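Please read the structure below before turning to the comments.
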Amino acid sequence: MVCTDNDPQRIAALKAGVVPIFEAHLETLLNSNRRPRKLTFTSNAGEAVRAGDVIFICVGTPPLENGEADLSAIDNVARLIASEAGGSKLVVEKSTVPAKTGQQLKRVLDIYRRDGGIQFRVASNPEFLREGTAVQDFLHPDRIVLGVEDDTSEQQLREVYRPILEGRFRCPIHLGNCRAKQPSELLITTMNSAEIIKHASNSFLALKISYANMIADLCEKVGADIQEVTRAMGLDPRIGPQFLHAGLGFGGFCLPKDVQAFIRLAERSGVDFNLLKEAERINKRRIDVFLEKIRRALWVINGKCVGILGLAFKANTDDIRFAPSLEIIRSLLAEGARVRAYDQEAMDKIAALYPQIECTREPYDVVRDADALLILTEWEAFRHLDWERVHGLMSRPLVIDGRNLLDPTTMREKGFEYYGFGRPIENMDLRLTLSNAPKFSPTGASA
Ligand code: UGA
């Protein structure tokens with residue numbers, strides 16, 4: 001396999017066996033295939049195009065101002081493939097794209113081909129990898145979707161995936177807790193369906209999270225516990241336990257942008273997807289709900305020292321794109337807080353964006369003399385901190401947990417004032433204040 005990218009530094013790192021992002025097991029997998037030269041890297045895109053019979057397009061499709069997916073990188077790569085290909089190719093969309101992009105891709109390839117004898121076939125093969133478990137998801141997928149328009153393309157792609165489907169891929173890594181027990185499903189669909197499957201899947205996950213978050217708000221008002229509620233709901237196989245975890249809402253580079261792109265696609269197609277618009281609105285409000293908890297607990301934020309554990313948009317990644325931490329830090333600074341932060345992987349990225357915050361090299365330094373501690377990412381290591389020590393270090397032992405990572409009863413037994421999302425609030429006065437309080441306004445006036 002030959003890989004290319006327009007970032008020469010990335011290619012240089014990969015050639016040297018270094019993965020430029022934090023992703024568990026990826027470097028091991030890279031190096032086990034790099035040395036026998038099964039996997040090579042080049043900055044010469046033409047060389048990569050000419051080397052393959054099947055070409056996967058994996059470029060970014062970031063959101064435009066209006067929420068639609070920006071397809072200019074797909075268009076650029078399509079023209080490049082068309083002009084560089086010396087023979088017929090199967091061109092496969094791996095990037096997340098709106099329905100009907102495959103048809104446009106085929107048009108561009110045909111228009112820009114340098115020789116009328118060259119045939120391009122096009123297929124869609126959406127990826128369902130999650131950051132943090134990408135290697136495991138790739139080697140043991142729940143499903144492989146092949147959106148194809150002809151038998152030759154289907155056969156070529158079946159061949160590409162044969163080692164994974166037959167469980168013959170020799171994995172150099174021991175993947176604990178992997179999904180290998182169930183065989184992967186192979187689905188052959190049309191290209192349009194394959195494209196829709198990706199957006200529909202991510203949007204459904206987003207809906208589930210927003211639904212759980214609304215239940216959490218309700219639990220908080222009536223004194224119920226969201227963890228008990230979603231655990232019971234999830235035991236119904238028709239609902240399932242995953243993506244019911246309430247908290248700061250969905251971030252990252254996939255769910256927020258895919259929900260937006262799906263809404264815009266529906267609008268363009270004359271379908272008003274209000275349901276998704278509401279899920280997006282609920283998600284945007286999660287940060288306000290969290291900031292309101294901080295304001296209620298701290299009263300005045302100006303001059304307070306706030307410690308933050310976790311900056312990445314979720315655990316096991318260094319990715320901060322659309323991470324709740326970005327907006328929370330911005331608001332805290334605007335309201336005059338002193339902010340300290342720690343994350344085992346994402347710290348350098350935040351430090352570059354917010355030079356005014358103090359990034360610490362270990363979690364205990366974050367809480368020293370702090371008036372509040374916020375948990376913004378569900379890193380497992382935070383659960384196992386020495387919480388007695390944390391208590392002793394803080395000016396005021398107040399923990400506001402944006403991920404429901406910790407157990408409220410245990411935290412309160414250890415002497416903390418603790419607030420999560422949708423967990424029973426011990427302090428009845430605060431609960432009443434939270435339900436009846438006028439909305440905060442940055443100008444100081446009550447809304
Ligand atoms: C998501 C999808 O889960 C993948 O299947 C898909 O391939 C990928 O997008 C993509 O389109 O490339 P990912 O962005 O890595 O994967 O992250 P998720 O694990 O889906 O989490 C997204 C956000 O939802 C995170 O901020 C996470 O904290 C939040 N989340 C997740 C919740 O708030 N509650 C939950 O119960 C689950």
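The values are calculated or read from the model by the stated rules, or taken from the named source; none is laboratory data. Everything quoted here is computed from the prediction, not taken from an experiment. Here the Cβ is made from the backbone with ideal geometry for all residues, glycine too, and neighbour counts use every protein chain on show. In case anyone asks, the SASA skips ligands and DNA or RNA and just uses the protein heavy atoms, side chains included. Shrake-Rupley method; radii C 1.70, N 1.55, O 1.52, S 1.80 Å.
Quick notes on this one:
- Set of aspartates and glutamates with alpha-carbon distance to Lys284 below 12 Å, sequence-local pairs under 8 removed: Glu327
- Here the contact order of the chain, divided by its residue count and restricted to Cα pairs under 8 Å and six or more residues apart, works out to 12 percent.
- Sequentially through region 86-97, phi angles give Karplus couplings (6.51, -1.76, 1.60; θ = phi - 60°) of x, x, 5, 9, 9, 9, 10, 7, 10, 4, 7, 9 Hz, Gly and Pro residues having no value and appearing as x.
- In Hz, Karplus ³J(HN,Hα) per residue of region 214-224 (6.51, -1.76, 1.60; θ = phi - 60°; x = Gly, Pro): 5, 4, 4, 4, 5, 4, 4, 6, 9, x, 9
- Cα point-scatterer Debye curve for region 285-435, base-10 log of I(q)/I(0) at q = 0.09, 0.13 Å⁻¹: -0.24, -0.52
- Calculated P(r) of the chain - Cα pairs past 42 Å, %: 23 percent
- Region 62-73 - phi-based ³J(HN,Hα) in whole Hz, Karplus 6.51/-1.76/1.60, Gly and Pro as x: x, x, 7, 3, 8, x, 5, 6, 7, 9, 5, 5
- For region 1-90, trypsin sites (Lys or Arg not before Pro) meeting the loop criterion (DSSP other than H, G, I, E, B) and having at most 10 other Cβ atoms within 10 Å: Arg37, Lys38.
- Around the Cα centre of region 190-248, unit charges on the Cβ atoms of Lys, Arg, Asp and Glu (plus for the first two, minus for the last two) sum to a dipole of about 160 debye.
- Percent RCO, i.e. relative contact order, over region 177-262, from Cα pairs under 8 Å lying at least 6 residues apart: 37 percent
- nm² value of the averaged projected area, convex hull over the Cα atoms of region 198-279: 5.9 nm²
- Per residue, the solvent-accessible area of the chain (1.4 Å probe, heavy atoms of protein chains only, all protein chains present) comes to 49 Å².
- All Cα pairs of region 2-192, percent lying beyond 29 Å: 24 percent
- Volume per residue for region 54-127 equals 78 cubic angstrom (convex hull of Cα atoms).
- Proximity of backbone amide H atoms, modeled 1.01 Å from N, is registered between Ala312 and Ala346 at under 5 Å, excluding neighbours fewer than 5 places apart on the same chain.
- Accessible carbon and sulfur surface of the chain relative to its total accessible area, %, 1.4 Å: 53 percent
- Candidate lysines for bridging to Lys277, where Cα separation is under 17 Å - those fewer than 8 sequence places away on the same chain excluded: Lys208, Lys257
- Amide proton proximity set for Phe56, modelled H, under 5 Å, gap of 5+: Val92
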